[in-house]
Amino acid sequence: MKIRNLVFLAFFLLLAGCSSGTQSENPAWVNEMIRNFESEPVGNPPQSIWRYEYQGQIVYYVPPQCCDQFSTLFDASGEDICSPDGGLTGSGDGRCPDFFSQRTNEKLIWEDPGTR
């Protein structure tokens, strides 16, 4: 009986963890961004949020959505650091030209579920 209860509890926790794009280890502003993205139609390309280490800090990268739009790189508190790519030239705003060569520890935080 105890094993069955443990299996049920493990299964429930697994389902609960998969039911939402938000994660407890994310800053609240990231979870709010996820909720906002989830309330919108699937973009083309689909929206995503990535976490990296860059210049000794945790950062969050949101790729550009479409033609000539800028990406956004946020610091851990949600402040806009720069736009590493996108825009008319595709090179971003020039404030962090080394982001792609210097970023480490890539982790996909969220991608639009419509992409699966």
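Annotations
- Given a 1.4 Å probe and the protein chains as shown, ASP80 ends up with an accessible area of around 90 Å².
- Nonlocal amide H pairs with ILE109, under 5 Å, H built at 1.01 Å: ILE49, TRP50, ARG51
- Sum of side-chain charges, ASP80 neighbourhood, beta-carbon under 12 Å (Lys, Arg +1; Asp, Glu -1): -2
- For THR72, the amide hydrogen comes within under 5 Å of the amide hydrogens of VAL62, counting only partners 5 or more places away or on other chains and with H modelled in the peptide plane.
- Linear extension gain, GLU38 paired with SER91, 0.36 nm per residue minus alpha-carbon span: 16.3 nm
The values are calculated or read from the model by the stated rules, or taken from the named source; none is laboratory data. Just so we're clear, the structure is a prediction, and the values are computed from it rather than from any experiment. Ideal geometry is used to build each Cβ from the backbone, glycine not excepted, and the neighbour counts take in all protein chains shown. The accessibility values were calculated without ligands, DNA or RNA, using every heavy atom of the protein model including side chains. Shrake-Rupley method; radii C 1.70, N 1.55, O 1.52, S 1.80 Å.
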